1. What residues have an amide H closer than 5 Å to that of residue 210, excluding those fewer than 5 places away on the same chain, when H is modeled at 1.01 Å from N in the peptide plane?
2. Residues with amide H under 5 Å of residue 367's amide H, sequence separation 5 or more or different chain, H placed in the peptide plane at 1.01 Å from N; which?
3. For a Förster distance of 35 Å, can you work out the FRET efficiency between the beta-carbons of residue 350 and residue 416, rounded to the nearest 0.05?
4. Among rounded, prolate and oblate, which fits the chain when a ≥ b ≥ c are the square roots of the eigenvalues of its C-alpha gyration tensor, a/c under 1.5 means rounded, and a/b larger than b/c means prolate?
5. If you add up the charges near residue 338, with Lys and Arg at +1 and Asp and Glu at -1, over every other residue whose beta carbon is less than 9 angstrom from its beta carbon, what do you get?
6. Starting from the Cα of residue 263, step 7 Å along the direction of its Cβ; do the same at residue 360; then give the gap between the two resulting points in nm.
7. If you place +1 on the Cβ of every Lys and Arg and -1 on the Cβ of every Asp and Glu, how big does the dipole about the Cα centre of the range 88-237 come out, in debye to the nearest 20?
8. What are the residues whose amide H is under 5 Å from the amide H of residue 546, where those residues sit 5 or more places off or on another chain and H is modelled from the backbone?
Amino acid sequence: MNKLLKGLVFIVFFTILLSGCKQKAGQNNNSLQHQKSYRIPHLKKQGETTQLMVDENPFLILGGELGNSSFTSLEYMEPIWPKLKKMNLNTVLAPVYWELVEPVEGKFDFELLDQLVGKARSHDLRLVLLWFASWKNSMSSHAPSWVKKNQERFPRIKDDKGNSHEILTPFSNNNLQADLKAFQALIKHIKEFDGTEHTVIMIQVENEIGMLPTARDYSQLANNEFRGNVPLDLIQYLINNKDDLVPEFKQIWAVNGYKDSGTWEEIFGKGLHTDEIFMAWYYSKYANAIAEAGKVIYPLPIFVNAALIRPGRKPGSGYPSAGPLPHLMDVWKAGGPAIDFLSPDLYFPNLKHWCDLYTRQENPLFIPEHRFDNTVAAKAAYTIGHYEGIGFAPFSVEDAGDPENEPLGKMYNIINQLTPIITDHHGKAKIEGVLFNKENQESIFQLGNYEFTLRHIYTLGYEPNSGNEAWDMAGAIIVQTGEEEFYIAGSGIVATFKNLKNPMLNVGILKTDEGRFENNQWKVIRHLNGDQTHQGRHIRIFLNNYSIIRFELYNYE
Ligand code: DGJ
């Protein structure tokens, strides 16, 4: 009996002990889960598409860049945050100004930045920070006063007449080291302040780098390099990538017979184009050194942006020479291996032209600036659909007068809902985008077994009044999610279909629903048929009706 009692006590004690241990293990699991630390935001390939991964999920930047001086005070930003939320932005592109973070050499002040990052966090917004340091639109206006006032230590460029301008020369190691040290302090701070939260998801180094008013720098330091031989690392890059160089650059190298040693003018010939190549090499090396120094500390994705060329203008006198421009892609890639991609700032109307150039050599497409005009909603869809781009951001986005009714916000809302579907299908030839106006009314493409013909909705005769008005831009994203199943999202389009596998068969529309995603679950708002599908003949979305349609096709004889 005594033995039995002892045994019972032992079993009870053991069971309590075990359940205590289990509980502890559970707590540990919970706290582990709570503290789950995700990898730093990074780029990842899926097929040929480059995805931006944020907290282990592919992230599409539905962004907007702030005007240059907005991010300089909490008070100024206060009314802007709610505007950005109303436009359904998930990311803000905002400058960090060298002059404000290092007002005295070696003494850094990140208090304002921390407060602003905190604000972004509280509004559930991510940040792409723009490092306005040595150069902002060619100029060095954001250099701190201790740099500006010490020209001897921090030399400037000279034009061909020997005049200096407020532009730090990329040929000075003092300039580079001063910028680089400040950038490292910034990145170290971001790592400490944001290493687990990941509010900051990417960095742009400098802003619209490019030489003015001449195609190259004529300072003593620059002239010395110009007289010297083309560095071997550039030559080696050109040799290794000869078959893949962009044609307009390869053509220049071909003229003198693909020379692999000599001065800049011996290899590329005399002229402004050579001055530009020369500058591009030294600008890219400088930006690369900064990017590399930051990545050693905390390897966020890093990119550079370019002011594009006005047609017919010459480098230096007509546009900022030697920036990360399409015809200089090879030089920038050779000089900037730590720079993840080159981006266009689009203030010209022809988005397709520039994006086709920027997506060569698998350069991922991110548009950090686009003029904030009435085309941006459609162009955001096209960038993310056709190019499977990382994201889009109109410039000075806080200028929206009526953010709640801003077309961009309506487009961002539907792209946001579709993001998991879009990113799941990245790099698999399952996504397309269209962009229409009066000059480009139609697009024909293939998804699976089907040929899609998409047209501007006005081609159906819904054109306003006399037909002479400019057609509002229409844009949409189409994703194939099953053999016969598709989603289409956007504004101002009509779609019809053909069977490519068996052209003898007719294609019918089996089922069409308009809906939305709530917590990633598809919810039907309306079953569309009758007049809304022209009695089963097409799928359409009117202009300014930003909606998502899921549809299934079938075939009949
Ligand atoms: C392009 C620059 O990158 C921006 O910072 C801003 O200056 C705009 N131009 C102004 O239009």
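1. Sorted by chain and number, the residues that satisfy this are 138.
2. 391, 392, 393
3. My answer for the efficiency is 0.80.
4. Note, shape of the chain comes out oblate.
5. -1
6. A separation of 2.9 nm, rounded to one decimal place.
7. Here the size comes out at about 240 debye.
8. Long-range HN contacts for residue 546: none found.
The values are calculated or read from the model by the stated rules, or taken from the named source; none is laboratory data. Keep in mind the model is a prediction, meaning the values are calculated, not measured. Glycine gets a Cβ as well: all are built from the backbone with ideal geometry, and neighbour counts include every protein chain shown. Surface areas here come from the heavy atoms of the whole protein model, side chains and all, with no ligands, DNA or RNA. Shrake-Rupley method; radii C 1.70, N 1.55, O 1.52, S 1.80 Å.
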